[in-house]
Amino acid sequence: MKIIEVSLKDRSYPIWVKPGLLDQIPQLLASYRKRRWVVITQRSVKDMCDGTLIKTLASAGVRASTIVIPEGENAKSLSQVESMYQQLTELDCDRSTLLVAFGGGVVGDITGFLAATYLRGVDYVQVPTTLLAMIDSAIGGKTGVNLPQGKNLVGAFYQPEGVVIDPNLVESLPHREMVSAMAEMLKYGAIRDRNFFDRVSENLDSIVLREDDTMLTEAIARCCEIKAEVVSRDEQEKDLRRILNFGHTIGHALETTMGFGVLKHGEAVAYGMILAGSISRDLGHLSDEDFYHLESAVRKLPLPELGEIDSSSLLETVKRDKKAKGGKLHFVLLQGLGHAIISDQVVDRHIIRALASL
Ligand code: GLY
């Protein structure tokens with residue numbers, strides 16, 4: 001089993017990675033066994049949750065209840081959180097309750113927020129069931145919900161007690177979800193580890209098609225290591241953690257301009273990485289060779305066609321984002337493949353040129 005520590009200022013917590021690990025949860029979390037557990041899950045994974053986690057907990061004699069939230073991003077709302085607070089009080093949950101997030105990013109984010117705020121804070125554990133959640137959202141303690149005005153506008157940094165990653169859980173994941181997560185996997189290599197970038201790029205198909213479970217497990221673990229290292233050095237995204245947003249600035253703008261749901265998050269990030277790479281080259285940070293290497297790896301992913309992009313509305317969205325972040329646009333660029341930097345030198349014409357060359 002691979003154990004990766006997320007070392008924070010005042011404490012650290014483990015990320016456990018191993019196929020079949022779900023069966024070992026009562027042993028992994030033995031010190032929490034006497035407490036009441038509340039598992040938060042979503043309809044689409046409820047059967048998987050019942051057949052694995054809940055069954056294992058029952059046979060280990062752990063007192064566990066389940067709260068099921070609706071599907072989709074809309075479930076990440078304050079009204080949903082309010083209903084969950086009520087369900088926790090109805091279950092007589094006190095401060096010793098352990099919340100367990102069993103699901104993808106939506107379940108993880110809302111459970112983390114619930115844990116941060118119910119009775120001023122209870123412990124929680126992340127059990128991600130999607131590849132994207134395994135390598136990104138379940139790690140690092142970003143929790144939150146959406147407002148009608150935008151995504152993740154209410155939240156807290158609140159770290160879990162641990163993250164249990166069982167790569168077998170991605171078996172039933174739709175192909176497009178796997179592809180979308182692969183963009184984030186390539187991202188880790190692009191920003192921090194060129195060798196890993198090459199390994200993922202060379203084995204892209206076998207990872208997506210789950211032909212090589214060892215490779216999948218190793219790749220998940222490497223992403224977790226990179227994220228753990230970055231979060232350990234900058235938990236609250238004051239500087240270094242921003243590099244995790246490589247491809248996200250234009251990626252988010254593409255998602256908004258094209259209308260939410262047209263592109264999956266990872267697909268938008270994939271295009272965002274090509275565009276950020278192109279801007280890095282324009283500014284003299286990335287060689288032609290490295291740029292083509294980045295672009296050809298990302299384009300191995302079966303991405304939907306972008307069609308005509310209205311560059312002025314895309315720029316508007318980037319600017320709105322900038323305003324929401326205190327007027328500063330922290331653009332993540334590459335100073336060579338495998339090394340990210342933050343730049344405030346990116347202006348409209350760089351973005352327009354990059355879009356034109358797509
Ligand atoms: N998903 C980026 C971060 O956790 O900082």
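The values are calculated or read from the model by the stated rules, or taken from the named source; none is laboratory data. Because the structure is a prediction, the values reported are computed rather than measured. Using ideal geometry, Cβ is built from the backbone for each residue, glycine included, and neighbour counts are taken over all protein chains shown. SASA here: full protein model, heavy atoms, side chains in, ligands and nucleic acids out. Shrake-Rupley method; radii C 1.70, N 1.55, O 1.52, S 1.80 Å.
Would you calculate the convex hull of the Cα atoms in the chain and tell me its volume per residue in Å³?
With only Cα atoms used, the chain gives 124 Å³ per residue.
Before rounding to the nearest 500, sum -39500 (n - 2.57) across all DSSP H runs of length at least 4 in the chain and divide by the residue total; then give [θ] at 222 nm in deg cm²/dmol.
On the way: 14 runs with 159 residues, N = 358.
It lands at -13500 deg cm²/dmol.
At 1.4 Å probe size, with every protein chain present, just tell me what the per residue accessible area of segment 127-237 comes to in Å².
In whole numbers, segment 127-237 has 36 Å² accessible per residue.
With only Lys, Arg, Asp and Glu charged, each at its Cβ (+1 for the first two, -1 for the last two), find how big the charge dipole of the chain is about the Cα centre; round to the nearest 20 debye.
Charge dipole, the chain, about its Cα centre: 1020 debye, nearest 20.
Computing the accessible area with a 1.4 Å probe over protein heavy atoms, can you report the carbon and sulfur percentage for segment 211-358?
So the carbon and sulfur contribution to the accessible surface is 48 percent.
Express the accessible area of segment 1-124 per residue in Å², computed with a 1.4 Å probe while the remaining protein chains stay in the model.
Heavy-atom accessible area per residue stands at 46 Å².
Fully extended, how many nm does the chain gain between Ser96 and Lys325 (0.36 nm per residue separation, minus their Cα-Cα distance)?
Taking 0.36 nm per residue and subtracting the Cα distance, the gain is 78.8 nm.
Mind jotting down the three principal axis lengths of segment 64-134 based on Cα atoms? Whole angstrom, largest first.
Ordered largest first, segment 64-134 gives principal extents of 33, 22, 20 Å.
Going highest first, how would you order 78-91, 24-37 by mean Cβ packing within 10 Å?
Answer by packing, highest mean first, reads 24-37, 78-91.
Convert each backbone phi in segment 340-349 into a coupling constant with the Karplus relation 6.51 cos²θ - 1.76 cosθ + 1.60 (shift: θ = phi - 60°), then list the ³J(HN,Hα) values in order as whole Hz, x for Gly and Pro.
Listing the rounded values in order: 9, 10, 9, 10, 10, 9, 7, 10, 3, 5 Hz.
Checking the cross-link filter: which lysines have an alpha carbon closer than 20 Å to that of Lys34, excluding same-chain neighbours under 8 positions apart?
Those lysines meeting the cut-off are Lys55.
To the nearest whole percent, what portion of all C-alpha pairs in segment 223-262 is separated by more than 16 angstrom?
For segment 223-262, the fraction of Cα-Cα distances above 16 Å is 47 percent.
Between Ser180, Ser311, Ser137, which gets the highest mean-square fluctuation from a Gaussian network model of the chain, Cα cutoff 10 Å?
Highest fluctuation among the options: Ser311.
Of the peptides 148-158, 208-218, how do they stack up when ordered by the mean number of other Cβ atoms within 10 Å, highest first?
Per-residue mean Cβ counts within 10 Å order the peptides as 208-218, 148-158.
Give a quick list of trypsin sites (Lys or Arg not before Pro) in segment 41-121 that DSSP marks as loop, anything other than H, G, I, E or B, with at most 16 other Cβ atoms within 10 Å.
Arg95
Please work out the C-alpha center-to-center distance from segment 191-248 to segment 302-358 and express it in whole Å.
21
If you scale each eigenvalue of the Cα gyration tensor by 5 and take the root, what three semi-axes come out for segment 111-205, rounded to whole angstrom and sorted largest first?
Taking √(5λ) for each eigenvalue gives 28, 15, 14 Å, largest first.
Rounded to the nearest whole Å², what accessible area per residue is found for segment 264-358 with the 1.4 Å probe?
On the way: 4680 Å² over 95 residues.
I get 49 Å² per residue for this part.
Report in % the part of the accessible area of segment 70-122 that belongs to carbon and sulfur, leaving out ligands and nucleic acids; probe 1.4 Å. Kindly include the intermediate steps, with their values, before the conclusion.
Working: 1040 of 2190 Å².
Carbon with sulfur: 47 percent of the solvent-accessible area.
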